[in-house]
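Q: Have a look at this one before I ask anything.
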Amino acid sequence: MDLTPGSADELLGRIRVQGAGDLPRHVAIIMDGNGRWARERLMPRPFGHRSGMKAVREVVEGAVEAGLEVLSLFAFSQENWQRPRVEITALMSLLEEYIAREVDELRERGVRVCVLGDLERLTPAAASAVDRVVGETEHNDRLRLNLFISYGGRAELVRAAQLLARDVYAGRLAPEDISEAEFQARLYTADCPDPDLLIRTSGEQRISNFLLWQMAYTELFISPVLWPDFGRRELFEAILDYQNRERRFGRVSA
Ligand code: FPP
């Protein structure tokens, strides 16, 4: 369902005309609808995830073209560990496959990949693929691609609280010096700007435990498109929509 007429390249041209000042620095995406996409085709759910991998590739390409600084993708939540074993195995293998296929291109395009979440739970093969892509792209600075894997927003907040408590206990930090800045410095995203725009696909209107602290003032864009059908054009449409909004951060208009 296209809300904005024009091809992907026409929309990209319009984003550029609007000017860099209005461009979101950080776009976060909850990639949803793989299962429904597969079901519509009478196929098993992992088929939808595999098709979703192509959408990841397109969106990363679009993010580089549009000039975003950070793209955050919610690829696997902590709750996803409760899915059937066969689906978890398929998702872990897809992560390995995605990295094996894309690492060269990501490096050449200047993409720095960061993988954020409770990575202790990954299979050894997935963990070594993650180490490879993180290591091989760490000096890039054109786009930062955050892949959230085995991630939960509440767990991230608890982890930050534990890190703060440890510093207080060790005498490195006074309790009265705990501030928003100190808290933020202990999140996985400590060195990233907060997301300006969150896109959720498949029409669902929830945050689903993603980036709870970071999304305090994030603009939301709900796309009806199922993730495997999402691509550059849909990304550009969301960015254009964002560029036409007024952000007030709790203040009144100028
Ligand atoms: C949600 O759709 C999607 C996921 C849980 C996994 C996302 C994974 C990919 C897009 C592919 C791999 C990505 C990388 C980065 C390698 P759902 O299964 O909840 O769909 P449904 O709501 O229609 O059931």
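Q: Restricting attention to the range 66-89, and to residues there that are more than 9 Å from the ligand (Cβ to nearest atom) and buried (at least 18 other Cβ atoms within 10 Å of the Cβ), which single residue is farthest from residue 194 (Cα to Cα)?
A: Once the filter is applied, the top-ranked residue is 78.
Q: Return the pairs, sorted by first residue and then second, in which the second residue is part of a helix (DSSP H, G or I) and among the β-branched types (Val, Ile, Thr), the first residue lies in the range 85-103 and is under 16 Å from residue 145 (Cβ atoms), the beta carbons are less than 7 Å apart, and the residues are 6+ apart or on different chains.
A: Pairs found: 98/56; 99/133; 103/133.
Q: Considering only the range 17-46, state which residues are surrounded by fewer than 19 Cβ atoms within 10 Å (Cβ to Cβ), within 27 Å of residue 215 (Cα to Cα) and within 14 Å of the ligand (Cβ to nearest atom).
A: 36
Q: Can you tell me which residue among 103, 158 is open to solvent by 70 Å² or more (accessible area, probe 1.4 Å), among the hydrophobic types (A, V, I, L, M, F, W, C) and out of contact with any Cys (no Cβ under 9 Å at 6 or more places or on another chain)?
A: Working: 103 fails: open to solvent by 70 Å² or more (accessible area, probe 1.4 Å).
Going through 103, 158 in turn, the sole match is 158.
Q: Determine which member of the set 210, 221, 236 is of a type in the set (Phe, Trp, Tyr), in a helix (DSSP H, G or I), open to solvent by less than 60 Å² (accessible area, probe 1.4 Å) and out of contact with any Cys (no Cβ under 8 Å at 6 or more places or on another chain).
A: On the way: 210 fails: in a helix (DSSP H, G or I); 221 fails: in a helix (DSSP H, G or I).
Of 210, 221, 236, the one residue that is of a type in the set (Phe, Trp, Tyr), in a helix (DSSP H, G or I), open to solvent by less than 60 Å² (accessible area, probe 1.4 Å) and out of contact with any Cys (no Cβ under 8 Å at 6 or more places or on another chain) is 236.
Q: Within the set of pairs 6 or more residues apart or between chains, which connect a residue that is modelled with pLDDT of 95 or more and within 9 Å of the ligand (Cβ to nearest atom) inside the range 136-149 to a residue that is assigned to a loop (DSSP other than H, G, I, E, B) and open to solvent by less than 70 Å² (accessible area, probe 1.4 Å) with Cβ atoms less than 8 Å apart?
A: 149/117; 149/122
Q: Shifting gears a bit: Considering only the range 54-65, how many residues are surrounded by 19 or more Cβ atoms within 10 Å (Cβ to Cβ) and either of a type outside the set (Gly, Ala, Ser) or near the ligand (Cβ under 7 Å from one of its atoms) (or both)?
A: Just the residues of the range 54-65 that are surrounded by 19 or more Cβ atoms within 10 Å (Cβ to Cβ), to begin with: 55-56, 59-60, 62-63.
In the following step, the residues that additionally are either of a type outside the set (Gly, Ala, Ser) or near the ligand (Cβ under 7 Å from one of its atoms) (or both) were identified as 55-56, 59-60.
Adding up the residues that qualify gives 4.
Q: Another question, if that's okay. Identify all residues within the range 143-170 that are among the aromatic types (Phe, Trp, Tyr) and closer than 15 Å to residue 213 by Cβ; write none if there are none. Step through it out loud before you land on a result.
A: Keep residues of the range 143-170 that are among the aromatic types (Phe, Trp, Tyr), which gives 148, 151, 169.
Of everything in the range 143-170, those that are among the aromatic types (Phe, Trp, Tyr) and closer than 15 Å to residue 213 by Cβ turn out to be 148, 151.
Q: Further, regarding this structure: Which condition number in (1) without any contact (Cβ under 8 Å) to a residue 60 or more places away in the chain; (2) open to solvent by less than 80 Å² (accessible area, probe 1.4 Å) is the one that residue 152 fails?
A: All conditions are met except number (1).
Q: Residue check, residue 58 against (1) over 19 Å from residue 230 (Cα atoms); (2) of a type outside the set (A, V, I, L, M, F, W, C); (3) part of a helix (DSSP H, G or I), all met but one. Which one?
A: (1)
Q: Something else: Out of the range 109-135, which residues are in contact (Cβ under 8 Å) with a residue 24 or more places away in the chain and under 14 Å from residue 98 (Cβ atoms)?
A: Answer for the range 109-135, where residues must be in contact (Cβ under 8 Å) with a residue 24 or more places away in the chain and under 14 Å from residue 98 (Cβ atoms): 111, 113, 115, 122, 125, 126, 129, 130, 132, 133.
Q: With 119, 94 as the choices, which residue is within 12 Å of the ligand (Cβ to nearest atom) and within 22 Å of residue 188 (Cβ to Cβ)? Lay out the reasoning, then the answer.
A: Numbers: 119 fails: within 12 Å of the ligand (Cβ to nearest atom).
The unique qualifying residue is 94.
Q: Looking at residue 246 and the list (1) of a type in the set (D, E, K, R); (2) at pLDDT 95 or above; (3) part of a loop (DSSP other than H, G, I, E, B), which single condition is not satisfied?
A: (2)
The values are calculated or read from the model by the stated rules, or taken from the named source; none is laboratory data. Note that the structure is a prediction, hence the values are computed from the model and not measured. Here the Cβ is made from the backbone with ideal geometry for all residues, glycine too, and neighbour counts use every protein chain on show. Just the protein is used for accessible areas: all its heavy atoms, side chains included, with ligands, DNA and RNA removed. Shrake-Rupley method; radii C 1.70, N 1.55, O 1.52, S 1.80 Å.
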